[in-house]
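Written out below as structure tokens is the structure these notes cover.
The values are calculated or read from the model by the stated rules, or taken from the named source; none is laboratory data. Predicted, not measured: the structure shown is a model, and the values here were computed from it. So basically every Cβ, Gly included, is an ideal-geometry build from the backbone, and we count neighbours across all protein chains shown. Accessible surface is based on the protein model in full, side chains and every heavy atom, while ligands, DNA and RNA are left aside. Shrake-Rupley method; radii C 1.70, N 1.55, O 1.52, S 1.80 Å.
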Amino acid sequence: MTEIPVIPDNAPFSTEQRLWLNGFLAGYFARLSLPATISSNPAPVTLGVPLLILFGSQTGTAEVLAKRIAKEAASRGFDPRVIDASKHRTIDWKAEATLFIVTSTYGDGDMPDNCQPFWDWLQTPEAKALAHLRFSVLALGDTSYTEFCAAGKKIDARLAQIGARPIFPRADCDVDYESSAKAWTEGALAAALKGGTNSADISANLLPVSSNGSSNGHATAVLESSPAEFSKGNPFPAPLLKNICLSKPGSSKEVRHYELSLEGSGLSYEAGDALGVVPLNCPEAVRDLLAALRCTGEESVSINETTLSLREAFTRHLDITKPSHELLAAIAQRAAASELPPLFGSERAADLKQWLWGRSIIDLLLLLPKPFSAGEFVKFLRKLAPRLYSISSSPKAHPGEVHLTVSAVRYQTHGRTRKGVASTFLADRVGDDDRVNVFVHSAHGFKPPANYDAPTIMVGPGTGIAPFRAFLEERQAGGARGKNWLFFGDQKRSADFLYEEQLIAWHKEGHLTRLDLAFSRDQQEKVYVQHRMLECAAELWSWLQDGAHFYVCGDASRMAKDVDAALHAVAQRAGGLPSDAADEFVRTLRDEKRYQRDVY
Ligand SMILES: Cc1cc2nc3c(=O)[nH]c(=O)nc-3n(C[C@H](O)[C@H](O)[C@H](O)COP(=O)(O)OP(=O)(O)OC[C@H]3O[C@@H](n4cnc5c(N)ncnc54)[C@H](O)[C@@H]3O)c2cc1C
Ligand SMILES: Cc1cc2nc3c(=O)[nH]c(=O)nc-3n(C[C@H](O)[C@H](O)[C@H](O)COP(=O)(O)O)c2cc1C
């Protein structure tokens, strides 16, 4: 039997800390029966229970959350380490006991880019190295995707299949993830400390969190951000300085350039980061919804224990366009005679997705024989989520400002004119004296090369140009000597060449070493950026051999996949690599963070 260590009286702790640590060690070693020695010399003492937190993140949310969980864990007596999932090969798994995975889902139920190598490796026999682990998974996602939290679900199932022991049930979080993530953190940390599986059983060994969020003598609990700073929970009301339409007559799109002031906010950002915009819903959409519910808007409703008018709730707080799963279920149940109920089953998910395309909550309400009451209805709605936009300015070039490049979403379906919530809020409803609530969303995995001499290859058609304008401004302002190559494209050169003057000027002066353009509708056959890449495969390969960083931004559903395929093709055609070796080449680029994507 393991001897339970005791912190000696002369150890450098207060009496309170010593008593707590002795209690903690007694509980810990009694349960885990791990061998341990603690010397009276304080130097080598490891205070915390080791905890490995692996994150899979595309745009930084899961990464930030993993770090916040680590801080919380440290404040509770753990010794946490946060590791990027792509670095899984650097981990000595034998030395690990407890693993938390925090991952988002991308594409159509895919792993985020940095988690793909870990997932590939988990399929191999080598993954048996994880069989001894205790683990729990926090999955981030969005219920509006059919494959909700698929990455987290797959990893959870695979770890269990390998023989690792789940110590706390996986949490699947929707866009409004804070409270679920917090509950999971509480439960998973308690289970990790006890070796148990019971969610409600929070250990008496845990350091109590005081009312101001800090634990006795330890770091501050950080699951909620400080209200003193501007953040997602406390966005900054930024004055809108400019709203300029970049699309010219003849374009089928409406892409706008916005400039916002961050003066006095204390907010800072780096090229590659995104800006979160907290929109308001369109007054006409609110009006139509109230009419469908046969409400005036003056009805009182309660959201998160706050009472407010239904109009206010619809305008500021609730997603009134995309139906939640709960709303769909409730409507399917009540509109028995409509076409919805037969689609509402897991085996018809694809048909339901197709049926829902172009329909929003208002279309569904019109199926009901009798409307919901206001109080009943709001319970089915999701919180109005902020939208992210890739920042298109460098803070070095525009101190105190942040620029965005946003395509206004407008379309007609089922006899109605539809408007994207945030993109048309910016385009139509923010007046000269108005402010936009914003926060900075750091994209840790999407940055220009730290080495100013490294060449960059940037593929950014459409609004995908946004972060590359920022990269180019940043590298120019910083005096970077590395070469820059941009692939840009859209429909028509005469109407859709975003930032034409600036790009052409950069090209002329040599800051943009190469500018390759693909305007799909300027000739008979469609030409896209991936075609341009293949046309200059040899030079592209040579840049990659010279250490170029390869970036992609823009449409995730088609463009990013086609560009990825083109990159593999370049490695095969120009690099002479067989298919397997080309895959390995691209994987290595990604592992070395020389292949980064900001796709949506
Ligand atoms: C990291 C990141 C960076 C981004 N950067 C940018 C950027 O730089 N510029 C930019 O413009 N966007 C960017 N986006 C996308 C942006 O966040 C929003 O998703 C986009 O502006 C739409 O938001 P919205 O509120 O206007 O539309 P929403 O109200 O969210 O409506 C959009 C939805 O409408 C539906 N829809 C759209 N068109 C049609 C149609 N023709 N028929 C039927 N249904 C349709 C689709 O379901 C779509 O999801 C980025 C996204 C991410 C995640
Ligand atoms: C292009 C795109 C595709 C997405 N695909 C899915 C999906 O298939 N399933 C899901 O549950 N969530 C999906 N999401 C939502 C993200 O998982 C969610 O926003 C998450 O919080 C992002 O975390 P991250 O910033 O750490 O990557 C998608 C988001 C985007 C922008």
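By average Cβ neighbour count within 10 Å, what is the ranking of 499-510, 147-158 from highest down? List each step's numbers first, then the result.
Values: 499-510: 13.7, 147-158: 20.8.
The peptides rank, most packed first, as 147-158, 499-510.
Could I get the Rg over Rh figure for segment 347-496? Both from C-alpha atoms, Rh via Kirkwood, rounded to two places.
Numbers: Rg = 20.9 Å, Rh = 19.4 Å.
Rg/Rh: 1.08.
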For the chain, the accessible surface attributable to carbon and sulfur atoms (probe 1.4 angstrom, ligands and nucleic acids excluded) amounts in percent to 51
State the Cα centre-to-centre distance between segment 264-323 and segment 384-443 in whole Å. 15
How far apart, in nm, are two points set 7 Å out from the Cα along the Cα-to-Cβ line at LYS561 and at LYS396? 3.7
Tally Lys and Arg at +1 and Asp and Glu at -1 over the other residues with C-beta under 12 Å from the C-beta of LEU241: what net charge comes out? -4
Segment 456-599: Lys pairs at Cα distance under 22 angstrom, eight or more positions apart or on different chains: 6
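What does the highest-first list of 566-574, 525-533 look like by mean Cβ count within 10 Å? Display every interim value, and only then the final one.
Details: 566-574: 19.8, 525-533: 18.2.
Final packing ranking: 566-574, 525-533.
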Give the total of Lys-Lys pairs in segment 48-204 with Cα-Cα distances below 18 Å; include a pair only if its members are 8 or more places apart or on different chains. 6
Net charge near ALA271: determine it from the other residues with C-beta under 12 Å of the C-beta of ALA271, scoring Lys and Arg +1 and Asp and Glu -1. -1
Could you give the semi-axes, largest first, of the ellipsoid that matches segment 283-378, computed as the square roots of 5 times the alpha carbon gyration tensor eigenvalues and rounded to whole Å? 25, 13, 12
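Helix-only estimate, please: 222 nm mean residue ellipticity of the chain, summing -39500 (n - 2.57) across DSSP H runs of length 4 or more and dividing by its residues, to the nearest 500. Provide the component values of the computation, followed by the final result.
Values: 18 runs with 182 residues, N = 600.
Roughly -9000 deg cm²/dmol at 222 nm, from the helical runs in the chain.
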Charge context of LYS561, other residues only, Cβ under 14 angstrom, K/R +1, D/E -1: -4
Viscosity 1.002 mPa s, temperature 20 °C: what is the translational diffusion coefficient of the chain from Stokes-Einstein with a Kirkwood Rh over Cα pairs, rounded to a whole number of µm²/s? 80
Would you mind putting 340-346, 469-475, 85-91 in packing order, based on average other-beta-carbon counts within 10 Å, highest first? 469-475, 85-91, 340-346
Taking every DSSP bridge whose two residues both lie in the chain, the antiparallel percent to the nearest 5 is 50
Cβ-Cβ FRET estimate between ARG521 and ALA157, R0 fixed at 56 Å, reported to 0.05: 0.80
Taking only C-alpha positions in segment 48-204, Rg and Dmax in angstrom work out to 14.1, 42
So for segment 520-600, using the alpha carbon gyration tensor with a ≥ b ≥ c as root eigenvalues (a/c under 1.5 gives rounded; past that, a/b versus b/c decides prolate or oblate), I'd call it oblate
Shape of segment 456-599 from its Cα gyration tensor (a ≥ b ≥ c, root eigenvalues): rounded if a/c is under 1.5, otherwise prolate when a/b > b/c, or oblate? oblate
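When the convex hull of the Cα atoms of segment 108-190 is projected onto a plane and the area is averaged over all directions, what value comes out in nm²? Don't skip to the answer; put the middle values down first.
Details: hull surface 22.3 nm².
Computing the convex hull of the Cα atoms and averaging its projections yields 5.6 nm².
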Averaged per residue, the 1.4 Å probe accessible area of the chain, protein heavy atoms only, in Å², is roughly 45
Within straight-line cross-link reach of LYS242, aspartates and glutamates at Cα separation under 17 Å, skipping those fewer than 8 residues along the same chain: GLU254, GLU259, GLU263, GLU401, ASP428, ASP432, ASP433, ASP434
Could you tell me which of rounded, prolate or oblate describes segment 407-519, using a ≥ b ≥ c as the square roots of the eigenvalues of the alpha-carbon gyration tensor, with rounded for a/c under 1.5 and, failing that, prolate when a/b is larger than b/c and oblate otherwise? prolate
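Give me the dipole magnitude in Debye, nearest 20, for segment 283-378 about the Cα centre, with unit charges on the beta carbon: positive for Lys and Arg, negative for Asp and Glu. Don't skip to the end; give the middle numbers.
Values: 10 positive and 13 negative charges, 33 e Å.
I would put it at about 160 debye.
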